[in-house]
Amino acid sequence: MAAFLKLRLPIIILLILHGMPFLSHSDGCSDDSDQPTSSDNKEEKQLFRDINSYRLFVNLPVFIPNAKAACLADKISHQLQKDKPCLDAQSYRYTPGTKHPLNSTFKNVDRLLSHCHINFNTTADGAILPACVTKLDQINVLKNYRNSLYGRYLNDSKFTHAGIGSGDDWIVVILSTNTSTGSFSGAPVSLAPSLLGMVIASLFGCLLLINIVSV
């Protein structure tokens, strides 16, 4: 019996290792249908259309919606609405290379990221671009993004996705990349319960079969 188990042990180990790649996964920014999103208001939708029209005009691919980024943008815009005067909105921006970290730019950012299911490590290469415009006038909002310091980010091809949120006179655009350090995606799930159960069941079946054969 001991010799039989010794011969079968490498097979069991191989079965477990074969199942391991399926036990972890990360949810990318383009698959956010079940994630919290920002309020679907006309100012946000209009700005998204205007920004993408501009991207087409300069021969760049349009931004793909990122629901997690939109969720965070919505939370940040409401935080700015409560805590910050409508002055020099660009001083609250967060962009790649910013000297101050994200968690010092916005308070309670860890809580906001958690609410939107965003892994902090996926935000480093993204851009958070707030603007404050009275009544979110469409023309002036677009000017704030096209004709200001923000224009360089709209013209940067490394940004592939976008999410927009707003609160009163504040509107926030978050640009994300398709890389692991800028996707504003969720934390990897270490174990997928259903697949883990399948592997355990398979292992149990193998042990049962070994026991039957060895009797």
- Answer yes or no as to whether Ser114 is farther than 18 Å from Glu44 by Cα and either of a type in the set (Lys, Arg) or touching a strand residue (DSSP E or B) at 6+ places or on another chain (Cβ under 7 Å) (or both). no
Within the range 149-179, the residues that are closer than 15 Å to Tyr94 by Cα, part of a loop (DSSP other than H, G, I, E, B) and polar (S, T, N, Q) are Thr177
Checked the range 120-169 for anything buried (at least 18 other Cβ atoms within 10 Å of the Cβ), hydrophobic (A, V, I, L, M, F, W, C) and within 20 Å of Leu102 (Cβ to Cβ); matches are Ala127, Ile128, Leu129, Ala131, Cys132, Phe159, Ala162, Ile164
Report yes if some residue within the range 193-209 is modelled with pLDDT of 90 or more and among the aromatic types (Phe, Trp, Tyr); otherwise report no. no
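The values are calculated or read from the model by the stated rules, or taken from the named source; none is laboratory data. Remember, it's a predicted structure, so these values are computed and weren't measured experimentally. Don't worry about glycine lacking a Cβ; one is built from the backbone with ideal geometry, like all the others, and counts go over all protein chains shown.
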